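Below is one structure, written out as structure tokens; the observations come after it.
Please treat every number below as a calculation from the coordinates, not as lab data. Remember, it's a predicted structure, so these values are computed and weren't measured experimentally. Using ideal geometry, Cβ is built from the backbone for each residue, glycine included, and neighbour counts are taken over all protein chains shown.
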Amino acid sequence: MVERERKNDRIKAYARNDLAFGFYCSKTAEFIKQFPDGNECHDINDALEEYNVVKIITTPGIKTFDPENLSRWIKNIKKSYFSYFQRICDDNIIVEEYSRVNCLYFEDFWDMFELGCLYDRISIDSIGQILALENGHALFYVLQHKKIVKKYDAFLREYMLAHPKSAEILIKQYVEKKDFFKPTFFIPATLKINEYAQLLQKYIESENAEWNYLDALAKAKSTREFPVSDRLKYSCKKRMEEMEKTIFKNDSGISSSVTVEITPVATIRFVDWSDSLNLKVNYDFNWLDKFTDFPTILNNFIHIFEYMSYMGRLIFVKQKDDETGLLSLMGIHGKNEYRMGILQRQSLAIALVSLQAYYDFLKKRNINLIDAFVWFFEKYLPAEFHVNGFAFNVSVNGKSYLELIKLMFVELDGILRKYCLYVADGFINQELFELSSSPVSIGQIPSILEKKYLYVKSKGLENVLFWLFSDQSSLTSIVRGSDDGQKFIRDKNLYFLIKNHSIYYKEFFQSRREIIDILRDKGIIYVAEDGKISLNKMKCIVLNQLYRYKVINAYYLRKDVQARGYLGELIQNGDVKYKNTLFSEPEADFLNYILNKSQYSDGMDLRNRYIHGSYPQDVNEQFRDYMIVLLVVISVILKINEEFCLKYPEENSTEWC
């Protein structure tokens, strides 16, 4: 067998937005200049390189090439590489052709295999020999071509069933979250759905099973086209446990922790960030010990434990920072996964450990946190806002964590249904409440506030947010000429590039200036007479809120005349839209992840597990879940209280909003 070509200076057609596209576009221009009628193809890689040349010069929006000669170039170069592919047959495809294909061109080879209709003259035996090379690596590309799969359908079915590694392609096709860069696979029609489970089980039991694929399969949502049984998920779970023991048998790996202490400290809350993997949080003992009334206890979750931001957002929901960066691209992402990021996990861990510490702190003083919940619904709301009818019938005495979790879920369901009735009628109709047992969707619970949450609506605003704040934007750097040569200036994004450096209009390439012009025309940035660029701070603050958190509660900006005016401008232009719900979309997503699996396949499903009896038997696990349920109830209380405080600010005398 001849050695595969390793040259890395071949022309390759990458996506238009790939940073390498410009480089290969220049190389293509040099190729065209040297070989306007195509080059003589001496081997398979010459032909595939010409195929890539044509892909580049036919890319929409490219103005590098002379339009008068473009058609002639394309015709002549295509003739050259198609002529080469016509010579490929059973006698030479293995030794002389496929085994020589450059690693850059695997996908291109199968593109040309299909375009040149090689499947009409290449036998099943030859395809089998190709798949036998390099552990079946070619299957990944073969299954991306519909006509090839159709021609060799029965053989490909047999091959997949005999090779468990093929299951990874099933997982990529049916489980993995799709985006622009992810390929579509054509599964052989003769491979029946009931055979998927057989292949997947073989994969789970195989030595070559990979953690990422097992994890995605264990969290997958069972569908009609790709059924995943509980038994199969159980097999994944046990196989992953075996792999964990092997991986960490020598205690290798990176550990992290959150430690919370309630001790006398100079500030009410202090977080030691010196070791990002082992955070230490201190809360002032004197403050927490002095104020143990129910209003202050609940107030502490806003101002001391910081469950809510100054803009009224629950702090442990997903943010944009968790969706960008290298880690977000790693692994197999299920299309229905919630997939917590590192920052969100850290925020949630701090919130839960702080809650446990405070719960124990209060318990030592014969105060149970659940009694504060009862006070909120049955005393506070009637006294402060004249809202009657809510009840939280949970008594702690003598009950296990299991019993308390079940009771709280029942009461929480009633609270949310009653809130819907209150928003609709202005009061709680108990008789109507008792007639209905329909569950409510977390994301559809209405708000008593009008024009509450603002979300991005237009593609134009999406582009603006990307240009300003994304680290994937093409506006994160400039090259500045000086007497000492060229200086490369780069920052996290365009916002910080302008904020942290003196940047001038002329320093951007012409194509980038068009974007700068758009931002200037929208009043988001300023361009001075000398070309220096500066930021409209107010607009950038508003836009950054939309980018990072995906939502703005307009009520928190009602006293800021400039910001309110800018929101009005965005609304008038159709750039944003209002939604009036109790929870913002990121908050509802988080709560759905905790409570059920209706939206996310990897959801914790706590409500359904405890209501329907599939809860863990381990008391320590039940206590962990108990803490999470307490956090959910606190979140609901804070959001309901926020609504009433924003709706009737003059009526709140307790002052813990």
Practice task
Considering the options Tyr174, Asn208, Met243, tell which one lies farthest towards the positive end of the dipole of region 130-249, charges being +1 on Lys and Arg and -1 on Asp and Glu at the Cβ, about the Cα centre.
Solution key: Tyr174
Practice task
For an R0 of 30 angstrom, estimate the FRET efficiency from the Cβ-Cβ distance between Gln129 and Lys182 and round to the nearest 0.05.
Solution key: 0.55
Handout entry: region 102-149 versus region 368-387: alpha-carbon centroid distance in Å
Key = 68
Exercise for the section: For every helix of n ≥ 4 consecutive DSSP H residues, a contribution of -39,500 (n - 2.57) applies; sum these over the chain, divide by its total residues, and give [θ] at 222 nm rounded to the nearest 500 deg cm²/dmol. Expected result: -15000 deg cm²/dmol
Problem - Inter-label distance, nm, simple model (7 Å from Cα along the C-beta direction), Arg231/Glu68 - result: 7.3
Problem - Gain in span if fully extended, Glu585 to Ala349, counting 0.36 nm per residue against the direct Cα distance - result: 82.8 nm
Handout entry: Amide H contacts of Val260 (H built 1.01 Å from N, under 5 Å, at least 5 apart or other chain)
Key = Val281
Fill in the blank from the handout: Non-local residues with an amide H under 5 Å from the amide H of Ile503, with H modelled 1.01 Å from N and Pro and chain starts lacking one, are Ile533
Handout entry: the chain: DSSP helices with Cα axial extent of at least 27 Å and average Kyte-Doolittle hydropathy no lower than 1.6
Key = none
Fill in the blank from the handout: About its Cα centre, the chain carries a charge dipole, from +1 on Lys and Arg Cβ atoms and -1 on Asp and Glu Cβ atoms, whose size in debye to the nearest 20 is 900
Handout entry: Mean-position separation - Cα centroids, region 205-224 and region 455-481, in angstrom
Key = 36
Fill in the blank from the handout: Of the candidates Trp467, Gly481, Leu454, the farthest towards the positive dipole end of region 438-556 (Lys/Arg Cβ +1, Asp/Glu Cβ -1, centred on the Cα centre) is Leu454
Exercise for the section: Treat each spin label as a single point 7 Å out from the Cα along the C-beta direction, and report the Thr246 to Glu529 distance in nm. Expected result: 7.2
Practice task
Please work out how much length the chain gains when fully extended from Phe23 to Ser614, using 0.36 nm per residue of separation minus the C-alpha to C-alpha distance, in nm with one decimal.
Solution key: 207.0 nm
Practice task
Report the calculated FRET efficiency for Glu40 and Cys89 (r = Cβ-Cβ distance, R0 = 22 Å), to the nearest 0.05.
Solution key: 0.65
Handout entry: the chain: antiparallel DSSP beta bridges as a percent of all, rounded to 5
Key = 75
Completion exercise
Beyond 49 Å, the calculated P(r) of the chain holds a percent of Cα-Cα pairs equal to 30
Problem - Spin-label model distance (nm) - Phe488 vs Glu261, 7 Å beyond Cα toward Cβ - result: 4.5
Practice task
Pull out a ≥ b ≥ c, the square roots of the eigenvalues of the alpha-carbon gyration tensor of region 266-323, then state rounded if a/c is under 1.5, prolate if not and a/b is larger than b/c, and oblate in the remaining case.
Solution key: oblate
Problem - Nearest-20 debye value, region 49-171 charge dipole, Cβ charges on Lys, Arg, Asp, Glu - result: 440
Handout entry: Taking the chain and dividing mean pair separation by its residue count, relative contact order in percent (alpha carbons under 8 Å, at least six apart)
Key = 10
Exercise for the section: Quote to one decimal, in nm, the extra length available between His386 and Asp521 on full extension: 0.36 nm per residue of separation minus the C-alpha distance between them. Expected result: 43.7 nm
Completion exercise
Per residue convex hull volume, Cα only, region 136-282, in Å³ is 187
Handout entry: Per-pair calculated FRET efficiency, R0 = 25 Å: Asp153 and Arg100 via Cβ, rounded to 0.05
Key = 0.35
